[in-house]
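Student: Have a look at the structure that comes next, please.
The values are calculated or read from the model by the stated rules, or taken from the named source; none is laboratory data. Bear in mind that the values here come from a model prediction, so they are computed numbers and not experimental data. Neighbour counts are summed over all protein chains in view; Cβ atoms, including those assigned to glycine, are modelled from backbone coordinates with ideal geometry.
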């Protein structure tokens, strides 16, 4: 199974914000940290805000920050929300025209594999990605200076 760049960027944005608990970040900072397009991240951030996982404040002093309960969201929930298509082969799609569909067992096998994929992702949350055990390492790799409380 392969995820789109959009899903990859979604998880990266959430990881970046999770590495800066209680602090605001800008799309520019995230873009520079990962070396990815600001335009792509703007689309991602719009959806994350619409989903309620990111608080976005415009203007001076504004920026992005994880919503209070975002750390509790499962990775499976995030991937399902942002990934457009999990129908891996034609026979899994509504417009299926494959001649061997009635006798083929591939779709069933792929559905089972897809379910196993999500079963694993559903066991982990965004909080697991950015736990206190690796937050400092993530911050260092991303060039983030954490405030000392």
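Student: Kindly provide the set of residues from the stretch 98-135 that are in contact (Cβ under 8 Å) with a residue 40 or more places away in the chain and over 21 Å from residue 72 (Cα atoms), ordered by number.
Tutor: 113, 114 - these are the residues of the stretch 98-135 that are in contact (Cβ under 8 Å) with a residue 40 or more places away in the chain and over 21 Å from residue 72 (Cα atoms).
Student: Oh, and also: Out of 88, 11, which single residue is at pLDDT below 90 and surrounded by 15 or more Cβ atoms within 10 Å (Cβ to Cβ)? Outline the logic, then answer.
Tutor: Working: 11 fails: at pLDDT below 90.
Unique residue meeting the criteria: 88.
Student: Quick one: would you say residue 39 is over 16 Å from the mean Cα position of the chain (by Cα), without any contact (Cβ under 8 Å) to a residue 12 or more places away in the chain, more than 19 Å from residue 126 (Cβ to Cβ) and part of a helix (DSSP H, G or I)? Full working, then the answer.
Tutor: On the way: over 16 Å from the mean Cα position of the chain (by Cα): yes; without any contact (Cβ under 8 Å) to a residue 12 or more places away in the chain: yes; more than 19 Å from residue 126 (Cβ to Cβ): yes; part of a helix (DSSP H, G or I): yes.
Spelling it out, residue 39 is indeed over 16 Å from the mean Cα position of the chain (by Cα), without any contact (Cβ under 8 Å) to a residue 12 or more places away in the chain, more than 19 Å from residue 126 (Cβ to Cβ) and part of a helix (DSSP H, G or I).
Student: While we're on this one: Of the conditions (1) modelled with pLDDT under 95; (2) crowded, with 19+ Cβ neighbours inside 10 Å, residue 69 clears all except one; give me its number.
Tutor: The number of the failed condition is (2).
Student: Next question. From 121, 110, 138, which residue is assigned to a helix (DSSP H, G or I), in contact with a strand residue (DSSP E or B) (Cβ under 8 Å, 6 or more places away or on another chain) and surrounded by 12 or more Cβ atoms within 10 Å (Cβ to Cβ)?
Tutor: Working: 110 fails: in contact with a strand residue (DSSP E or B) (Cβ under 8 Å, 6 or more places away or on another chain); 138 fails: in contact with a strand residue (DSSP E or B) (Cβ under 8 Å, 6 or more places away or on another chain).
After ruling out the rest, the residue left standing is 121.
Student: Considering (1) touching a strand residue (DSSP E or B) at 6+ places or on another chain (Cβ under 9 Å); (2) in contact (Cβ under 8 Å) with a residue 24 or more places away in the chain; (3) surrounded by 15 or more Cβ atoms within 10 Å (Cβ to Cβ), say which one residue 34 fails and leave the rest.
Tutor: Just one mismatch for residue 34, condition (1).
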